[in-house]
Amino acid sequence: NVNRNDYGGGSLGYMFTSTSASTVINYLGYNDADSDGLLASHVVSLWTISSGLTYNFVTSVIIPAGTVATLDGGYRWQSIAPVTLSNTVADGYIVMAQTIAGGDKWGDNFSATFDTTIGTLGTYGLVSDGFTLASPHNFDGQLNGSPDRVYNGGNIATSVIPEPSAALLGGLGMLCMLRRRR
């Protein structure tokens, strides 16, 4: 993964197709390259695309700055209302993430971290000069024929496992409450 933070004032992302008619996405996330928290909050959104020209907004979330959001697999995750993917969407789905120049890093070698049980990764990255949620949205494909330029600021997940330190703190807190109750 090549981590960069040199694009700002817009969004970066990737296209994928679902291989199942019943995969449920429960989380959207933003890359935390160093696993040390995010410098800023980021909008991550999910869209459908059909006929290469029609984009339809599905959902979005704001991933907060800092370490508040759950860390798993190098991403900070926020839950969303469940979204059931379809393998009959004409051209697939798009995940876009707001970026800030000089801020949090994002990668441009995404193929190693995309969950292939969800679907098949597209072969190009997407760039948008804005990150408003208006539809239709103007995404410019950066075509090069291979997934090594697919921008992974944002990501999708069916489930997320909290980092061990968060689970440990929760358990310790529960023990303290039980002890105090006695």
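The values are calculated or read from the model by the stated rules, or taken from the named source; none is laboratory data. Given the structure is predicted, the values throughout are model-derived calculations rather than measurements. Quick note on the areas: whole protein, heavy atoms, side chains included, nothing else; ligands and nucleic acids left out. Shrake-Rupley method; radii C 1.70, N 1.55, O 1.52, S 1.80 Å.
Solvent-accessible surface (1.4 Å probe) assigned to Ile161 amounts to roughly 120 Å².
Under a 5 Å amide H cut-off, with hydrogens placed 1.01 Å from N, Thr23 pairs with Leu85 among residues at least 5 apart or on other chains. Summarised as an ellipsoid, the stretch 43-103 has semi-axes of 25, 15, 9 Å, derived from the eigenvalues of the Cα gyration tensor scaled by 5 and square-rooted, with the largest first. Fully extending the segment from Ile100 to Leu39, taken as 0.36 nm per residue of separation minus the present Cα-Cα distance, adds 21.0 nm.
Amide H to amide H, with H built 1.01 Å from N, Gly122 comes under 5 Å of Met15, Phe16, Thr17, counting only residues 5 or more places away or on other chains. Between amide H atoms placed 1.01 Å from N, distances below 5 Å from Tyr75 occur with Asp32, all of them 5 or more places distant or on a separate chain.
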